[in-house]
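J.: I am attaching a structure below and will ask some questions about it afterwards.
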Amino acid sequence: MKKIVTGVIGAVVVVGVGVGLWFVLDGSSPAATVGKVKISASQLNKSVNAVIAERKTVSTTGMQLAFGSSLTAQELNYYIISTLLKDTAAANNLSVTDPQVTARQAAILKQEGSAAKLKSGEVSSGIASADFPGYVREILYVEALTALVEKNGTSVANSGTAVQGLVRDQANKEGVKIDSKYGTWDATQVTVVPVGSATPTPTPTATK
């Protein structure tokens with residue numbers, strides 16, 4: 001199964017989702033903030049619990065799955081990069097429409113061959129089913145940004161690094177803060193580092 005969305009680490013690009021669809025604000029202390037956007041602990045926990053629950057619906061034999069603080073950091077990274085990717089695209093006059101997301105979802109499902117195979121891929125990649133449309137939107141954002149930097153003269157070989165740079169600049173501009181109980185923010189690698197770990201956590205991968 002081909003994986004096409006990975007963490008923003010090195011020259012590989014993370015992709016994001018529309019913030020309005022995915023962030024639920026509550027009165028409690030946020031798990032993280034990106035600029036003025038608050039990522040609630042309740043929304044983060046909802047995604048973590050969904051990933052864990054969905055592992056029980058498929059065979060996980062042979063899968064390399066994240067647990068504990070690594071899983072929490074992975075899901076939080078998803079929400080943070082979601083915001084940054086959306087804002088990076090907007091800053092460059094780029095957008096992704098709902099029809100585009102719907103069409104790509106259908107194409108991915110067709111390629112996988114069945115809903116069961118798609119679900120297995122989601123579980124393997126650490127993606128809650130409810131979040132899958134967001135990862136599809138992420139794919140489209142990265143494709144749009146990649147096309148932009150290549151149009152502006154960046155080589156195909158260096159386009160991933162260039163897009164990562166745009167996301168890093170956006171993160172530095174807006175500011176990213178994380179509640180220490182969920183991890184720390186690595187501004188250089190543009191990713192969340194789990195509690196008790198010095199290794200950046202990649203965002204879960206979507207499948208194609």
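The values are calculated or read from the model by the stated rules, or taken from the named source; none is laboratory data. What you are looking at is a predicted structure, and each value in this text was computed from that prediction instead of being measured. Counting neighbours? That spans all protein chains shown, and the Cβs are built from the backbone with ideal geometry, glycine included.
J.: Can you say whether residue 92 is modelled with pLDDT of 95 or more and of a type outside the set (Asp, Glu), as far as the supplied structure shows?
T.: It is true that residue 92 is modelled with pLDDT of 95 or more and of a type outside the set (Asp, Glu).
J.: How about region 160-176: which of its residues are over 20 Å from residue 36 (Cα atoms), surrounded by fewer than 19 Cβ atoms within 10 Å (Cβ to Cβ) and in contact (Cβ under 8 Å) with a residue 12 or more places away in the chain? Talk me through it step by step, then tell me what you get.
T.: If we filter region 160-176 for residues that are over 20 Å from residue 36 (Cα atoms), which is where we start, we get 160-165.
So of that shortlist, the ones also surrounded by fewer than 19 Cβ atoms within 10 Å (Cβ to Cβ) come out as 161, 165.
Within region 160-176, 161 is the sole residue that qualifies.
J.: Next question. Collect the residues in region 177-189 that are touching a residue at least 24 places away in the same chain (Cβ under 8 Å) and over 15 Å from the mean Cα position of the chain (by Cα), keeping them in residue-number order.
T.: Once the filter is applied, which keeps residues that are touching a residue at least 24 places away in the same chain (Cβ under 8 Å) and over 15 Å from the mean Cα position of the chain (by Cα), region 177-189 yields 177, 178, 179, 182, 183.
J.: Go through 68, 7 for me and flag whichever is modelled with pLDDT under 95, under 20 Å from residue 197 (Cβ atoms) and surrounded by fewer than 16 Cβ atoms within 10 Å (Cβ to Cβ). Steps first, answer last, please.
T.: Values: 7 fails: surrounded by fewer than 16 Cβ atoms within 10 Å (Cβ to Cβ).
Step by step, each of 68, 7 is checked, and only 68 is modelled with pLDDT under 95, under 20 Å from residue 197 (Cβ atoms) and surrounded by fewer than 16 Cβ atoms within 10 Å (Cβ to Cβ).
J.: Could you tell me whether any residue of region 15-29 is modelled with pLDDT under 90, crowded, with 23+ Cβ neighbours inside 10 Å and closer than 19 Å to residue 184 by Cβ? Working first, answer last.
T.: Going through region 15-29, the residues modelled with pLDDT under 90 turn out to be 15-29.
Retained after the next criterion (residues that are crowded, with 23+ Cβ neighbours inside 10 Å): 15-17.
Right, trim to closer than 19 Å to residue 184 by Cβ and you get none.
Checked region 15-29: no residue is modelled with pLDDT under 90, crowded, with 23+ Cβ neighbours inside 10 Å and closer than 19 Å to residue 184 by Cβ.
Results for (1) assigned to a helix (DSSP H, G or I); (2) surrounded by 21 or more Cβ atoms within 10 Å (Cβ to Cβ), shown as yes or no for each residue.
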| position | (1), (2) |
| --- | --- |
| 90 | yes, no |
| 95 | no, no |
| 99 | yes, no |
| 102 | yes, no |
| 108 | yes, no |
| 111 | yes, no |
| 122 | yes, yes |
| 136 | yes, yes |
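J.: Just to be sure before I move on: is residue 79 crowded, with 23+ Cβ neighbours inside 10 Å, assigned to a helix (DSSP H, G or I) and modelled with pLDDT of 90 or more in the structure I sent?
T.: On the way: crowded, with 23+ Cβ neighbours inside 10 Å: yes; assigned to a helix (DSSP H, G or I): yes; modelled with pLDDT of 90 or more: yes.
Against the criterion (crowded, with 23+ Cβ neighbours inside 10 Å, assigned to a helix (DSSP H, G or I) and modelled with pLDDT of 90 or more), residue 79 qualifies.
J.: Pull up region 185-208, narrow it to residues that are among the β-branched types (Val, Ile, Thr) and buried (at least 17 other Cβ atoms within 10 Å of the Cβ), then point me to the one that is modelled with the lowest pLDDT.
T.: 207
J.: Which residues, taken from region 178-192, are part of a strand (DSSP E or B) and under 15 Å from residue 75 (Cα atoms)? Break it down into steps so the answer makes sense when it comes.
T.: The first filter runs over region 178-192 and keeps only residues part of a strand (DSSP E or B), leaving 178, 184-186, 191-192.
Across region 178-192, the qualifying residues are 178, 184, 185, 191, 192.
J.: Between a first residue in region 126-140 that is under 13 Å from residue 46 (Cβ atoms) and a second residue that is among the basic types (Lys, Arg) and surrounded by fewer than 23 Cβ atoms within 10 Å (Cβ to Cβ), which pairs have beta carbons less than 8 Å apart while being 6 or more apart in sequence or on different chains?
T.: Once the first residue is under 13 Å from residue 46 (Cβ atoms) and sits in region 126-140, its partners that are among the basic types (Lys, Arg) and surrounded by fewer than 23 Cβ atoms within 10 Å (Cβ to Cβ) give 129/119.
J.: Does region 52-65 hold any residues that are out of contact with any helix residue (DSSP H, G or I) (no Cβ under 6 Å at 6 or more places or on another chain), surrounded by 13 or more Cβ atoms within 10 Å (Cβ to Cβ) and either among the small types (Gly, Ala, Ser) or not in a helix (DSSP H, G or I) (or both), and which are they?
T.: The answer is 60, 65.
J.: While we're on this one: Look at residue 111 and say whether it is over 30 Å from residue 178 (Cβ atoms) and in contact with a helix residue (DSSP H, G or I) (Cβ under 8 Å, 6 or more places away or on another chain).
T.: Details: over 30 Å from residue 178 (Cβ atoms): yes; in contact with a helix residue (DSSP H, G or I) (Cβ under 8 Å, 6 or more places away or on another chain): no.
So residue 111 does not fit the description; no.
J.: Quick test of your reading of the structure: residue 121 fulfils all but one of (1) within 17 Å of residue 55 (Cβ to Cβ); (2) touching a Leu at 6+ places or on another chain (Cβ under 9 Å); (3) in contact (Cβ under 8 Å) with a residue 60 or more places away in the chain. Name the failing condition by number.
T.: Every listed condition holds for residue 121 apart from (2).
J.: Please go through region 148-159 and give me each residue that is of a type in the set (Ser, Thr, Tyr) and surrounded by 15 or more Cβ atoms within 10 Å (Cβ to Cβ), ordered by number.
T.: Step one: of region 148-159, the residues of a type in the set (Ser, Thr, Tyr) are 154-155, 159.
The answer is 154, 159.
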